[in-house]
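Before I ask anything, let me first share the structure, which is written out below as structure tokens.
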Amino acid sequence: MSSLDSSGTDHPQSLASAIWRGIAGRCPRCGQGKMFSKLLTVAPGCDACGLGYGFADAGDGPAVFVMLFAGFLIVGLALFLEVVYEPPYWVYFAVFPPLTILICLGLLRPLKGILLSLQYRNKAGQGRLESQKRDG
Ligand SMILES: [Zn+2]
């Protein structure tokens, strides 16, 4: 739960700061370096402060949140469209598949960034025994 500022000193990182750094795809410690080397590929480490991203493992978390948010948006929009405008079926086939793909791709990277940034902030990781923690 600490981060290095530009002077290299440790200070606690706020939740809002951690979330914003995740959305921006920036290093969870310094906020300067890039977290991703490609669209969804986590870089080996921060090019600004040298933090290794070996701890980063969001698993299926980003995909789950994307499904929840995108599902809510797409289904809500489809219901609204049907109730208010009652368009022909081809409108749904023309609008919603590309819209779904765009929303999912647009949400995946920021959500992965948020989860990885919060993982760093909260020091979340695999469970370890006390003897393993002492050894490093
Ligand atoms: Zn950094």
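Identify all residues within the range 33-51 that are in contact (Cβ under 8 Å) with a residue 40 or more places away in the chain and either more than 8 Å from the ligand (Cβ to nearest atom) or not in a loop (DSSP other than H, G, I, E, B) (or both); write none if there are none.
MET35, PHE36, LEU39, LEU40, VAL42 - these are the residues of the range 33-51 that are in contact (Cβ under 8 Å) with a residue 40 or more places away in the chain and either more than 8 Å from the ligand (Cβ to nearest atom) or not in a loop (DSSP other than H, G, I, E, B) (or both).
What are the residue pairs meeting all of these: first residue in the range 54-65, first residue of a type in the set (A, V, I, L, M), second residue in a helix (DSSP H, G or I) and surrounded by 15 or more Cβ atoms within 10 Å (Cβ to Cβ), Cβ atoms under 8 Å, and 6 or more apart or on different chains?
If the second residue must be in a helix (DSSP H, G or I) and surrounded by 15 or more Cβ atoms within 10 Å (Cβ to Cβ), the pairs left are ALA56/LEU116; ALA56/GLN119; ALA56/TYR120; ALA58/LYS112; ALA58/LEU115; ALA58/LEU116; ALA58/GLN119; ALA63/LEU108.
Could you check, for the range 95-109, whether at least one of its residues is surrounded by 10 or more Cβ atoms within 10 Å (Cβ to Cβ), outside any helix (DSSP H, G or I) and in contact (Cβ under 8 Å) with a residue 60 or more places away in the chain?
no
Starting from the range 69-86, take each residue that is under 15 Å from PRO97 (Cα atoms) and list its partners that are of a type in the set (Lys, Arg), counting only C-beta distances under 7 angstrom and pairs at least six apart or across chains.
Sorted first by the residue in the range 69-86, then by its partner, the list stays empty.
State all residues of the range 13-32 that are outside any loop (DSSP other than H, G, I, E, B) and more than 24 Å from GLN126 (Cβ to Cβ); if no residue qualifies, say none.
ALA16, SER17, TRP20, ILE23, ALA24, ARG26, listed by residue number.
Computed from the coordinates by the stated procedures, all read-outs in this text should not be read as laboratory data. What you are looking at is a predicted structure, and each value in this text was computed from that prediction instead of being measured. All Cβ positions, even for glycine, are placed from backbone atoms using ideal geometry, and neighbour counts span all protein chains on display.
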